[in-house]
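We did not get these values from a lab; they are worked out from the coordinates using the rules stated. Everything numeric here is computed off the predicted structure, so don't read it as measured data. So basically every Cβ, Gly included, is an ideal-geometry build from the backbone, and we count neighbours across all protein chains shown.
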Amino acid sequence: MFKTNKISVIGAGFVGSAVTFSLTESGMASDIVLVDINEDKAKGESMDISHGAAFVRSVDLRAGSYPDTKDSDLVIITAGAGQKEGETRLDLIEKNVKIFKEMIPEIVKYSPDAILLVVSNPVDVLSYVTWKLSGLSSNHVLGSGTVLDSSRLRHVLSERFDIDARNVHAHIMGEHGDSEFPMWSAASVGSMRLDYFAKEHGCALEEIKKEITKEVKNSAYQIIEKKGYTNYAVSLAVRRIAEAILRDEHSILSVSSYDENEGIYYSAPTVVGREGKHYTVVPEMNEEEKRKLEKTIQVIKEAVEKTGL
């Protein structure tokens, strides 16, 4: 088969397997390799997905080891300790940094020119760790960031106003975690500012902002409480980021990327393409949003310090 795009997914757990399925269904890659420390798990997942070959575009999907990931265009990292009920994403730092110290050098050894997309939590901290361990340009290391959180926000708003979520434009900024915040001042429905749209439809937006923010922020905890993990929506978010990268779309997505001034990774609207991060597109913030950004940056900085990198 003629190679068009090669994607490697590291980690065949709930998220990694869902990501692999979503990528297979998308048809964007000719070659997908699934790697996991549990080789049988990776083989079982790849076999299960491969048996749907008659219903998707042709793709060479297989389980493998790090040498099989050689010359990947994109490596998606989902491996690591998962978030359990009662844990925050920041609780996972020590366990996952240890895993990444073994994993990242192996990935870069075989695919030194790949874009690395970190999905494992805490994603902002582990994106920083990946960049430090990989020796790659910071533009070539991204985190899935708040792409999913922003989709959750758009979903909630779409239900409130009975509007297609694809026509709701809003971003969550900062940490993918408890200190994240919506950019309300830049949110819109179609070409109309959200506050004007809400007023036109008789909704007191100011009264429901805190309620909506809490709903979006706690949604992952609620899902974990009910089913033990999250995997479907994040796989769609990762698929969207992968599309933007491999198709060089220059799409604006709230990925986690490196801020040279702050020395950390956090999420902001970012132009994403074949070279990873091109630049951020952050609208002018009001004073409250500026304070929240300062707070979330400080939270991430304190977490990064715990890694010792």
Could you pull out which residues in the range 149-175 have an amide N less than 19 Å from a spot 7 Å beyond the Cα of THR280, following the Cα-Cβ vector? 149-151, 170-175
Tell me, what is a quarter of the convex hull surface for the C-alpha atoms of the range 94-155, in nm² with one decimal? 4.5
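Can you tell me the dipole magnitude for the range 92-248 around its Cα centre, using point charges on the Cβ only (Lys, Arg +1; Asp, Glu -1), in Debye to the nearest 20?
Values: 20 positive and 21 negative charges, 59 e Å.
The dipole of the range 92-248 has a size of about 280 debye.
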Quick calc of log₁₀ I(q)/I(0), the range 33-141, Debye, one scatterer on every Cα, no solvent, q values 0.15, 0.16, 0.21 1/Å, result -0.70, -0.78, -1.14
Computed over the chain, Kirkwood Rh from alpha-carbon pairs, angstrom: 19.7
Degrees separating the helix 39-50 axis from the principal Cα axis of the chain, which is the longest one: 70
For VAL234, what is the net charge nearby, where nearby means another residue's Cβ is under 12 Å from its Cβ and Lys, Arg count +1, Asp, Glu -1? +2
If you take every DSSP beta bridge fully contained in the chain, what fraction is antiparallel? Give it as a percent rounded to 5. 50
At 0.36 nm per residue, minus the direct Cα-Cα distance, what do ARG160 and PHE55 gain on full extension? Give it in nm, one decimal, please. 34.2 nm
Along the Cα→Cβ direction, 7 angstrom out, place labels at LYS70 and LYS209. What is the inter-label distance in nm? 5.5
Highest GNM mean-square fluctuation among PHE55, PHE21, PHE100, for the chain with Cα springs under 10 Å, belongs to PHE55
Largest first and to the nearest Å, give the Cα extent of the range 147-304 along each principal axis. 43, 36, 33
